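What follows is a short report on a single structure.
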Amino acid sequence: MRAIISVSNKSGVAAFARGLQELGIEIFSTGGTKKSLEESGIKVHSISELTGFPEILDGRVKTLHPAVHGGILARRDLPQHLAELAKSHIGTIDMVVVNLYPFIETVSREGVNLDEAVENIDIGGPTMIRSAAKNFSSVSVIVDPTDYDQVLQRLRQGTMGVDERKRLAQKAFQHVAIYDTAISQYLSEETFPEEMTMTLKKAYGLRYGENPHQEAAFYIEQNVRQRQAGFASLTHLSGPEVSFNNLLDFDAAINVLSSFSDPTIAVMKHTNPCGLASNDNLAEAYLEALSGDPVAAFGGVVASNQTIDLATAQEIDKSHYDAIIAPGYENTALELLERKKNLRLVRMPVPSANNQHLDFRYVQGGFLVQSQDFFTEPELQPRTVSNRQPTEKELLDLIFAWKAVKAIKSNAIVIAKDKTLLGMGAGQPSRVVSVELALKKAGDRAEGGVLASDAFFPFPDGPELALKGGVTAIIQPGGSVKDNEVIELANKYNAAMVFTGARHFRH
């Protein structure tokens, strides 16, 4: 048997090559790998001994040769293939051990220019991998150092069968696909190119999916153009393993919190914030958020954009939650919360609201792809359309409510006061029903509060319901053919109304 070893990641390769040598396998190698193996006392032949041709162009061309690819690709079950090899004095290659130039690592460094990136695009490596993977019926291809031990064990036992080589071939093709995708991403200048591939790396399996009968796992997107840690940076500190639904709530919570700079607490239930509040005092922010819907909060997820201190932890400890996510915990707060064995505690930084990425949603037969929803500068300075200007306090609450309503499923309505969500209506086909639900949750506290709607009011009935319920100011996108009727209604109740000129549907 003969093997070619040419690796960029040399972890464990010397021990693996020594194991191959002990099995009587002849080893051929290139440049740095050959030198490394020889320094470890392993007998290695140069690739040039196979090809009869020296490496040229600073090593750009060394394995691209019929003596290499003929030896890999020849079908052992076809006499004519073997006859052609014999006629050209080419021997078979039975194993290819290759991993590629560190392109992703290179372009992830700060200050890397295009020339340096291009020099780290591997050509010979992917070609050998693909050749070996195509001919897996006879050739073993190893791209992952974690497979070295298992391959050696199977070779020693004589159990290196076609099923194992097929497994390694699938892994090899995936390895090259990820590599090629990273290069394509790096070179692309388009947000929505004509063709697009995504690469995902499994982070861990999940006990089950949205429901117990569904299987699930969490994959991390690999994208050299969008260097965001996201849930790859999530640290599980305490409690049961994080579930599929936890991750959905965490994602929704992070999207909410990224809009707020003041200390803010969100209480999530089924990806909607049933409680949300900002306050200079984090413990007060939690209590105000809890007041939004104390019943719905039971069994939900608490999210904070600040390190959780002891005072906040003591208040949280009084209720039952499924999980808490925060950028950090004071030691005393962590010690207190860890006492609840069924409470999941995770740590993760809150990303910037400007951290743009593409939003992929699967539909039958394909994906809908859009840029991430974001706030524009003008909408955070809304235009007053009513006779009465909002007071300074109303305007602060209107902006808070507008940031909150963006995170709630459409048709979304938020009633807020003192930077606290008092009631919300979410996911209703009728905007009027959403107003009714928000008012019902807010109760008497709606008096003097403000209302935010994620899209315009098509008729005056929704705003009138809110104004009769005690709301004194409304923020909405505007743009309805009946805007004038809605504005006249606001003037009738001496309410302030502002238009943002932007909507935030969340289907």
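Rule-based calculations on the coordinates, nothing more; no lab input. Remember, predicted model here, so these are calculated numbers, not experimental data. All Cβ positions, even for glycine, are placed from backbone atoms using ideal geometry, and neighbour counts span all protein chains on display.
Just a few scattered comments:
- Electrostatic dipole magnitude of the chain [Cβ: Lys, Arg +1; Asp, Glu -1; Cα centre; debye, to 20]: 1260 debye
- Relative contact order for the chain: 8 percent, from Cα pairs under 8 Å spaced at least 6 residues apart, divided by residue count.
- Farthest positive-ward along the stretch 379-499 dipole, Cα basis, beta-carbon charges - from Gly470, Phe400, Met497: Phe400
- Over the chain, DSSP H runs of length four or greater, each weighted -39,500 (n - 2.57), average out per residue to a 222 nm ellipticity of -10500 deg cm²/dmol.
- Count Lys and Arg as plus one, Asp and Glu as minus one, and take only other residues whose Cβ is under 13 Å from that of Arg165; the net charge is then +2.
- Degrees between helix 162-187 axis and first principal axis of the chain (Cα, 0 to 90, nearest 10): 60 degrees
- P(r), alpha carbons of the stretch 2-187 - 5 Å bins starting at zero, rounded %: 1, 8, 16, 20, 21, 17, 10, 5, 2, 1, 0
- Among beta bridges identified by DSSP and lying wholly in the stretch 379-499, the antiparallel ones come to about 60 percent.
- Entries of Lys171/Lys201; Lys202/Lys341; Lys10/Lys166; Lys269/Lys318 with Cα pairs more than 20 Å apart: Lys202/Lys341; Lys10/Lys166
- Convex hull volume per residue, computed on the Cα atoms of the stretch 379-499, equals 80 Å³.
- Cα→Cβ-extended label distance, 7 Å offset, between Arg60 and Arg339, nm: 6.8 nm
- Vicinal HN-Hα couplings computed from phi for the stretch 459-476 (Karplus, 6.51 cos²θ - 1.76 cosθ + 1.60; Hz; Gly/Pro x): 9, x, 5, x, x, 5, 4, 5, 5, 5, x, x, 5, 10, 8, 9, 10, 7
- Where GluC sites (Glu not before Pro) fall in DSSP loop in the stretch 191-225, at most 16 other Cβ within 10 Å: Glu194, Glu195, Glu210, Glu215
- Rounded to the nearest 0.05, the FRET efficiency derived from the C-beta distance between Tyr362 and Glu189 at R0 = 25 Å is 0.40.
- Whole-angstrom Cα spans of the stretch 202-359 along principal axes, big to small: 39, 36, 29
- Over the stretch 235-347, Cα pairs under 8 Å with separation of 6+ residues give a relative contact order of 29 percent.
- Environment charge at Ser137 (Cβ cut-off 10 Å; Lys +1, Arg +1, Asp -1, Glu -1): +4
- The Cβ shell under 15 Å around Arg18 holds other residues with a net charge of -1, Lys and Arg each +1, Asp and Glu each -1.
- The angle between the Cα long axis of helix 431-442 and the main principal axis of the chain comes to about 70°, on a 0 to 90 degree scale.
- Take the Cα of His81, step 7 Å toward its Cβ, do the same at Glu110, and the gap between the two points is 5.1 nm.
- The alpha carbon convex hull volume per residue for the chain rounds to 198 Å³.
- Crossing angle, helix 13-22 versus the chain [Cα axis fit, 0-90 degrees, rounded to tens]: 30 degrees
- Rel. contact order, % - alpha carbon contacts under 8 angstrom, at least six apart, the stretch 305-427: 14 percent
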